[in-house]
Amino acid sequence: MLLLIIRVLYVCVCTGALATYTLSTHTGAPKVVTEHPVGSFLLMLIIALSILLLDLLIPRKRVEVISAIYFGLLIGVLLAYLMNLATQPLFAMQELFGAEGEAFRGGATLLSLMILPYLCITFLLQTKDQFRFVIPYVEFARELKGGRPMILDSSALIDGRIADVVDTNVIDAQFVVPQFILQEVQDIADSHDKVRRSRGRRGLDVLRRLQQDPKVDIKVHDDDTSKGMSVDQRLIEIAKQLNGRIVTNDLNLNKLAGVQGIDVINLNDVSNSLKPRFIPGEHVRLKIIKEGEGPGQGVGYLDDGTMVVVDQGIREIGKEVDTVVTSVLQNSAGRMIFCRLAAEVK
């Protein structure tokens, strides 16, 4: 909206200033301008508006508004002044402009004072946090708490464990929730399916819980530069822009981001890393509650939800038994422990 207002003001200022310069008889314009005022006005207006068209064709980014406008206007006027000083000898050449060189210089000064500040302001508005000056060194970057920002995927919000991790005070980085992720969770919450609806509402509740926590720095990021891409690719593009890390439970997103060099925090990996370690030969007591997929297998669960597959445990369904760990399988999808009945281990 701000860019739209600036562009509308730019068109109005250009139209008014050029109309005054070319159509008035007391502006000191060159003879060719006074003899063809309408044509001169249209030509100069086309030149000024062509810059606007060029700006619209360039991919847009956002930046801190007040700093961008202030420094953009300052640098634009300074560049216009320096350009006019540099071109002064050119307009003084009689063989090029004759006696009206000073009049042409006035028109060029007017155009540069309109075009260069506009370009500088919109450039800063579109370069977000990456713009910096060398002398003096100034960088338009927001102050972040802790380390690199963490970009939340819809699966991380719906899962809900991220809020529990925050309560442990081990995370002090900023959280970023893209607008399209918020919309995706909202769509799930509005689903006709009861299970999906409850999952979406849980995601919104988790987001509200994070926003109400005074220890959490969370921001809803609105960016439309990646429209047309898939949700996963848009998350990756935002991670690249913000130099952030993606928090997710989605294995496919995990792999896609890894291929493109983006750091991913998989909540399943975090959870698995905090679970008690089991090694072959260790004794585990659990209740077998159902039949496994393999012949004779029984399945039980530890208190933390870890699945335990017991060889020949089908005949012990409904009973608590002592088992011995034979192997452990762990990946981003979770952890699975394979055991044998302790009575059968010699």
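The values are calculated or read from the model by the stated rules, or taken from the named source; none is laboratory data. Remember, it's a predicted structure, so these values are computed and weren't measured experimentally. FYI the Cβ positions are ideal-geometry reconstructions off the backbone, even for glycines, and counts take in every protein chain you see. For the accessible areas, the whole protein counts, side chains as well, though only heavy atoms, and no ligand, DNA or RNA atoms are used. Shrake-Rupley method; radii C 1.70, N 1.55, O 1.52, S 1.80 Å.
Side notes on the structure shown:
- Residue among Asp213, Asp217 that alone is in contact with a Phe, Trp or Tyr (Cβ under 8 Å, 6 or more places away or on another chain), touching a residue at least 12 places away in the same chain (Cβ under 8 Å) and open to solvent by less than 90 Å² (accessible area, probe 1.4 Å): Asp217
- In the stretch 294-325, residue most open to solvent (accessible area, probe 1.4 Å) [restricted to those that are part of a strand (DSSP E or B) and among the aliphatic types (A, V, I, L, M)]: Met307
- Only helices (runs of 4 or more DSSP H) whose full extent lies in the stretch 99-206 are considered here, and the ones with at least 2 residues that are modelled with pLDDT of 70 or more, open to solvent by 30 Å² or more (accessible area, probe 1.4 Å) and out of contact with any strand residue (DSSP E or B) (no Cβ under 8 Å at 6 or more places or on another chain) are 101-126, 161-167, 179-189.
- The combined condition, being open to solvent by 30 Å² or more (accessible area, probe 1.4 Å) and either at pLDDT 80 or above or in the same structural domain as Thr22 (by the TED database) (or both), is not fulfilled by Ala80.
- Total residues in the stretch 248-262, condition open to solvent by less than 40 Å² (accessible area, probe 1.4 Å), without any contact (Cβ under 8 Å) to a residue 40 or more places away in the chain and more than 13 Å from Arg148 (Cβ to Cβ): 1
- Test: residue in the stretch 272-286 that is within 46 Å of the chain's Cα centre (by Cα), in contact (Cβ under 8 Å) with a residue 40 or more places away in the chain, in a loop (DSSP other than H, G, I, E, B) and loosely packed, with under 13 Cβ neighbours inside 10 Å: yes
- Picking from residues in the stretch 225-247 that are assigned to a loop (DSSP other than H, G, I, E, B) and in contact (Cβ under 8 Å) with a residue 24 or more places away in the chain, the one that is least open to solvent (accessible area, probe 1.4 Å) is Gly244.
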